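Since the structure comes first, as structure tokens, the remarks are kept for the end.
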Amino acid sequence: MTQPRLARQNCSIGRVYRNPITGEEAPSITTITGMLNKAALAPWYAREAAEYAVSSWSELSSLPERERIDLIKAAPRRTSEAAATLGSNVHAAVEKLATGQTLNGHGPELDTFLDQFGDFCATWNPEFIAAEATIWNRAHEYAGTLDAIVSIAGRNYLVDYKTGASGVWPDVQLQLEGLAHGEFILHEDGAELPMPHIDALAALHLRPEGWELVQVHRCETAWRAFLGARAALTWHTRQHQAFGKRLHGAADQPTTEGEAA
């Protein structure tokens, strides 16, 4: 996703959105889902580091030990940053195409992705109702930017674009549930517009060799899991309040507040 227009980085939370009229701030959906333990990441990091070490063995062997270690440790980050940059560039280009803007100056590495997006549009003839729109939920204090809401054969699909080589991961369900529960769409000027009705969720997986529209089920369990992650973020930002008085001797007595906590 491109950098959301109403978002900024907060050093203690991560990405937050700010309402330009009311001054309200709310954590982003990606910050919230980032609280979840992603079990697949640890093996992926280990594999990326190992593969880099093996493929670059001759170059690494001539370097000092500390430098070798640093390069191997950083291999997964370099891979993920390159993939994130490519994904952001694809998102930005697709947004322009979806909103009828002229697409200029994109690199040749995007051509195959955009060809596949064009084929998707030619196949399903989607009508774009919203693109790169910020949603806000005041009841649960969060915000996020959706990729698109499209109408296909009379049904409104909330769609998230994915470009990763490893496919679409299940946590997109939490991301889309959070977006689908937006109370309104917030424009850059602060205008609050009604959230369009959402009939279905989907991930559009774009790759140079093809595309796939993956249906994502609406699920009350996924919504509760998202709210659990939201609660975990609240605790995370207040964890400095976890401890009370520290007792060291017989003269110290627990307080009622400490006992209750």
Kindly provide the GluC sites (Glu not before Pro) of region 49-124 that DSSP labels as loop, not H, G, I, E or B, and whose Cβ sees at most 11 other Cβ atoms within 10 Å. none
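What's the longest uninterrupted piece of the chain once you rule out the trypsin sites (Lys or Arg not before Pro) that are loop residues per DSSP with at most 16 other Cβ within 10 Å?
Values: sites that count: Arg5, Lys38, Arg138, Arg218, Arg238, Lys245, Arg246.
That gives 39-137 as the longest site-free run.
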Give the dimensionless ratio obtained when the Cα radius of gyration of region 1-156 is divided by 2.2 N^0.38 Å. 1.35
Multiply the residue separation of Ser151 and Thr112 by 0.36 nm, subtract the distance between their alpha-carbon atoms, and state the gained length in nm to one decimal. 11.6 nm
Give the separation of the Cα centroids, region 59-96 to region 219-252, in Å. 34
Looking at the calculated P(r) for region 129-226, what percent of the C-alpha pair distances fall above 21 Å? 32
The extension gain from Ala53 to Ser12, computed as 0.36 nm times the residue separation minus the Cα-Cα distance, is 11.3 nm
What lysines sit close enough to Lys96 to cross-link, taking a C-alpha to C-alpha distance under 21 Å and skipping anything fewer than 8 places away on the same chain? Lys162
Under a plain spin-label model, where a point goes 7 Å from the Cα along Cα-to-Cβ, how far apart in nm are Leu193 and Lys73? 4.7
Note: Ser80 to Glu141 extended length (0.36 nm per residue) minus current alpha-carbon separation gives 19.1 nm
Which value at 222 nm does the chain reach when only helices count, each DSSP H run of 4 or more adding -39,500 (n - 2.57), with the total divided by all residues and rounded to the nearest 500 deg cm²/dmol? -13000 deg cm²/dmol
Given (i) 34, 18, 17; (ii) 36, 31, 17; (iii) 29, 22, 19, which label gives semi-axes √(5λ) of the Cα gyration tensor in Å as computed from the coordinates? (ii)
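Every read-out reported here was derived from the displayed coordinates using simple, explicitly stated rules and does not represent laboratory data. This one's a predicted model, so the numbers in the text were calculated from it and none came from an experiment. Glycine gets a Cβ as well: all are built from the backbone with ideal geometry, and neighbour counts include every protein chain shown.
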